[in-house]
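The values are calculated or read from the model by the stated rules, or taken from the named source; none is laboratory data. Bear in mind the structure is a predicted one, so any value in this text is a computation, not a measurement. Here the Cβ is made from the backbone with ideal geometry for all residues, glycine too, and neighbour counts use every protein chain on show.
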Amino acid sequence: MTLFPAEGGLGGLHLGLEALTGFATLNLLLPLAVVNVALVYSRRKFPEIERGFRVPGVPLVPAFGVIANLALIYNLPRIGVVTGLVLTATLIVAYLLWGWGSRHRGGIRAGHGTDRPGEHERRQRESYSYGCRRNEFAIGEQ
């Protein structure tokens, strides 16, 4: 069973092959744009973290990547983009509601979510730095 077949699927929605390719392409380009934004955010929020690679031209190259991806999305079939954005927004809302419900039912481990301001970020930096110093993913360790 297919959720969005070309002949009609969810609720009798008739997308057609062109719209389905637009939907699939949106699902490729939108995450690439988000990754570029996350790269700039990460570099600005945690500049002191030692990274295993360099990205030339930050923030210009990632900004160009975001603009290029958005321009490509703009030229996709509208029904595919709208379907993809509605589905993405619905899943994000469901995810946030699930997380909110989990917190209010006591689903969070003790100590998490109750940190002092900045404590979570400090733990993340320490965890990441520790893994880099130990070189946990080194090849050839027997």
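Condition check ((1) at pLDDT 95 or above; (2) outside any loop (DSSP other than H, G, I, E, B); (3) within 20 Å of Leu32 (Cβ to Cβ)) across all residues:
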{"residue": "Val66", "(1), (2), (3)": "yes, yes, yes"}
{"residue": "Gly80", "(1), (2), (3)": "no, yes, yes"}
{"residue": "Leu87", "(1), (2), (3)": "no, yes, yes"}
{"residue": "Ser129", "(1), (2), (3)": "no, yes, no"}
{"residue": "Ile139", "(1), (2), (3)": "no, no, no"}
Condition first: in a helix (DSSP H, G or I) and either free of Cβ contacts under 8 Å to residues at least 24 places away in the same chain or under 20 Å from Ile92 (Cβ atoms) (or both). Now tell me which residues in the stretch 46-63 satisfy that. Leu60, Val61
Within the stretch 64-84, can one find any residue that is surrounded by 13 or more Cβ atoms within 10 Å (Cβ to Cβ), touching a residue at least 12 places away in the same chain (Cβ under 8 Å), closer than 30 Å to Gly118 by Cβ and out of contact with any helix residue (DSSP H, G or I) (no Cβ under 8 Å at 6 or more places or on another chain)? no
Report, ordered by the first and then the second residue, all pairs with beta carbons closer than 7 Å, sequence separation of six or more or different chains, a first member in the stretch 18-35 that is within 12 Å of Leu70 (Cα to Cα), and a second member that is buried (at least 18 other Cβ atoms within 10 Å of the Cβ) and among the polar types (S, T, N, Q). Leu29/Asn69; Leu32/Asn69; Ala33/Asn69
Where residues in the stretch 7-20 are outside any helix (DSSP H, G or I) and under 13 Å from Leu87 (Cβ atoms), which of them is modelled with the highest pLDDT? Leu15
Suppose the filter is farther than 30 Å from Leu17 by Cα, surrounded by 10 or more Cβ atoms within 10 Å (Cβ to Cβ) and modelled with pLDDT of 75 or more; does Arg123 pass it? no
Quick check: is even one residue across the stretch 98-110 part of a loop (DSSP other than H, G, I, E, B), among the aliphatic types (A, V, I, L, M) and at pLDDT below 70? yes
Which listed residue, of Phe4, Phe23, Phe46, is within 19 Å of Val86 (Cβ to Cβ), among the aromatic types (Phe, Trp, Tyr) and either touching a Gly at 6+ places or on another chain (Cβ under 6 Å) or at pLDDT 85 or above (or both): Phe23
